[in-house]
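Comments concern the structure below.
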Amino acid sequence: MGDSSSSASYIHLVQHLIEKCLIFHMTKEECMEALSKHANINPIITSTVWNELEKVNKEFFEPYNMKPKNSKEMMMMMSQEETTQMLQKMISASDSSKGVP
């Protein structure tokens, strides 16, 4: 049962990081790449969680997917180090809110 709990925590972490990607108006592909590169999350996991979020939140994703994306410009303004620090901070904040040392 502990394994199922840790799986649920991991899925929740991925969901939280996807939500952060959405704040930056990232596409699914950009989010998959960013989480793979900076949080070592398998793109298949990110894609699966994203797809489930789309199913549950159709009213959000329909207009979101129609908006023009400018995340590449945002990401270009942020250095790779800044991006890594931002994602690590989000992961740490998520872990600390769950009581993970």
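The values are calculated or read from the model by the stated rules, or taken from the named source; none is laboratory data. Small disclaimer: the values here were computed from a predicted structure and weren't measured. As a convention, Cβ positions derive from the backbone with ideal geometry for all residues, glycine included, and neighbour counts pool all protein chains shown.
So here's what we get for this one:
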{"read-out": "Unmet requirement for residue 98, which otherwise passes all of (1) in contact with a helix residue (DSSP H, G or I) (Cβ under 9 Å, 6 or more places away or on another chain); (2) modelled with pLDDT of 95 or more; (3) loosely packed, with under 11 Cβ neighbours inside 10 Å", "value": "(2)"}
{"read-out": "Subset tally (residues that are over 14 Å from residue 86 (Cα atoms), among the hydrophobic types (A, V, I, L, M, F, W, C) and within 11 Å of the chain's Cα centre (by Cα)) for the range 32-52", "value": "5"}
{"read-out": "Failed item, numbered, when residue 61 is tested on (1) closer than 21 Å to residue 92 by Cα; (2) in contact with a helix residue (DSSP H, G or I) (Cβ under 7 Å, 6 or more places away or on another chain); (3) not acidic (Asp, Glu)", "value": "(1)"}
{"read-out": "Residue satisfying condition, being farther than 24 Å from residue 88 by Cβ and without any contact (Cβ under 8 Å) to a residue 40 or more places away in the chain, within set 54, 29, 19", "value": "54"}
